[in-house]
Amino acid sequence: MPCRVCDRWIVTGTNDGQVKASASRAGSDRIAALLDHSPIGFAVVSPDGCFLEVNPALCELLGRDASSLKSCSWQEMTHPEDLPTEVALVNDMLAGRQDGYRLSKRYVRPDGSVVWGDLSVCCVRLDDGSVDSFIAQVLDVSEQQATRQALTEAESRYHLLVKNSSDVVALGTNEGFFSWISPTVEAMLGWQPKDLVGTSFTKLVHQDDRSAVHKAQGLMELGDCNRFEVRMRTATGEFRWVSIRLTQRRGDQGEVVGKVASWSDSDDEHALREALAANEKW
């Protein structure tokens, strides 16, 4: 037997955001059928937090059958770190300061696993304004939260690597303008990142070396770009030899959205090579 929603209520929106009750049996049956097959979790909850009615989607999300849910409260299955925030929101509704709220929260299932839900709550009020019950809708957003967390961790690791590397990492547009550059550019060339964003990469390159850049860009488009060396202008107007590797930056659909360049200071190495070459002549 599927879980049934409360047959006493038909939920209808009103201008003031409150939920009104209707005694229409036919309408109640239609709402019950809709919620029984909804992919969104639904519950009618008492003012003290006990589940009165639940639908199958909520049972699946929380890992409990209907009878188990009705024997406990939402407070019992809310992650401890999220409980104070929601208790404050519920108290505001009980005090008449608001008629609903929405938040992302964690639920703890019987096996100890945690699921994320996008929760929306409104209330049914009696004639005296007191809360008769809460109507809750919960959408499972665990996958989205996991994706966001993975992206956050990846970005954190990337920025940590960039911060602790002596190399410079730069992002550029397809047109060759800097869109982002790591702070290590200050130690290498004396520039502040904000001074370079929006400027052309080739303007930093010695005029005699710009042909090497154009050649590297052509090889990059063919997927065959090795490191190359150019002289780059420092903030004081001098030039230093820098070893650069260019790769294409692609979007979600595989399209080319820009360039990624990694630079390493090769000025000392270049000077050493020239000195060795000069010695060989003698």
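The values are calculated or read from the model by the stated rules, or taken from the named source; none is laboratory data. Treat the numbers as computed from the prediction; the structure is a model and nothing was measured. Every residue, glycine among them, receives a Cβ derived from its backbone with ideal geometry; neighbour counts consider all protein chains shown.
Of note:
- The numbered conditions (1) among the hydrophobic types (A, V, I, L, M, F, W, C); (2) over 22 Å from residue 63 (Cβ atoms); (3) in contact with a His (Cβ under 9 Å, 6 or more places away or on another chain) are all true for residue 93 except (3).
- Of all residues making up segment 41-67, the number that are in contact (Cβ under 8 Å) with a residue 40 or more places away in the chain, among the small types (Gly, Ala, Ser) and surrounded by fewer than 19 Cβ atoms within 10 Å (Cβ to Cβ): 4
- Annotation note: of 170, 216, 261, 187, the sole residue that is small (Gly, Ala, Ser) and more than 34 Å from the chain's Cα centre (by Cα) is 216.
- As a summary of the residue check, residue 74 satisfies the conditions (1) surrounded by 13 or more Cβ atoms within 10 Å (Cβ to Cβ); (2) more than 24 Å from residue 31 (Cβ to Cβ) except for the one numbered (2).
- All positions within segment 156-192 that are more than 15 Å from residue 260 (Cβ to Cβ) and either modelled with pLDDT under 75 or not assigned by TED's automatic domain parsing to the domain that holds residue 266 (or both): 156, 157, 160, 163, 164, 166
- Hits in segment 227-258 (condition: more than 21 Å from residue 207 (Cα to Cα) and not β-branched (Val, Ile, Thr)): 248, 249, 250, 251, 252, 253, 254, 255, 258
- Residue 24 meets all of the listed conditions (1) closer than 11 Å to residue 135 by Cα; (2) at pLDDT 50 or above but one, namely (1).
- Single unsatisfied condition, residue 75 versus (1) farther than 21 Å from residue 131 by Cα; (2) out of contact with any strand residue (DSSP E or B) (no Cβ under 9 Å at 6 or more places or on another chain): (1)
- Where strands (runs of 3 or more DSSP E) fall wholly inside segment 31-123, the ranges with 1 or more residues that are under 25 Å from the mean Cα position of the chain (by Cα) and within 14 Å of residue 139 (Cβ to Cβ) are 41-45, 100-108.
- Test: residue in segment 83-91 that is loosely packed, with under 14 Cβ neighbours inside 10 Å, touching a Ser or Thr at 6+ places or on another chain (Cβ under 6 Å), closer than 19 Å to residue 133 by Cβ and without any contact (Cβ under 8 Å) to a residue 60 or more places away in the chain: no
- Candidates 219, 272, 276 - the one that is modelled with pLDDT under 90, surrounded by 12 or more Cβ atoms within 10 Å (Cβ to Cβ) and either of a type outside the set (A, V, I, L, M) or over 18 Å from residue 168 (Cα atoms) (or both): 219
Per-residue answers, yes or no, for (1) at pLDDT 95 or above; (2) assigned by TED's automatic domain parsing to the domain that holds residue 32; (3) not hydrophobic (A, V, I, L, M, F, W, C):
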site	(1), (2), (3)
66	no, yes, no
70	no, yes, yes
82	yes, yes, yes
112	no, yes, yes
117	yes, yes, yes
121	yes, yes, no
129	no, yes, yes
134	yes, yes, no
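- No other residue among 119, 126 is surrounded by fewer than 17 Cβ atoms within 10 Å (Cβ to Cβ) and of a type in the set (A, V, I, L, M) apart from 126.
- Any hit, segment 214-226, residues being free of Cβ contacts under 8 Å to residues at least 12 places away in the same chain and of a type in the set (Asp, Glu): yes
- Scanning segment 188-202 for residues that are over 17 Å from residue 167 (Cα atoms) and either touching a residue at least 12 places away in the same chain (Cβ under 8 Å) or surrounded by 16 or more Cβ atoms within 10 Å (Cβ to Cβ) (or both) yields 195, 197, 198, 199, 200, 202.
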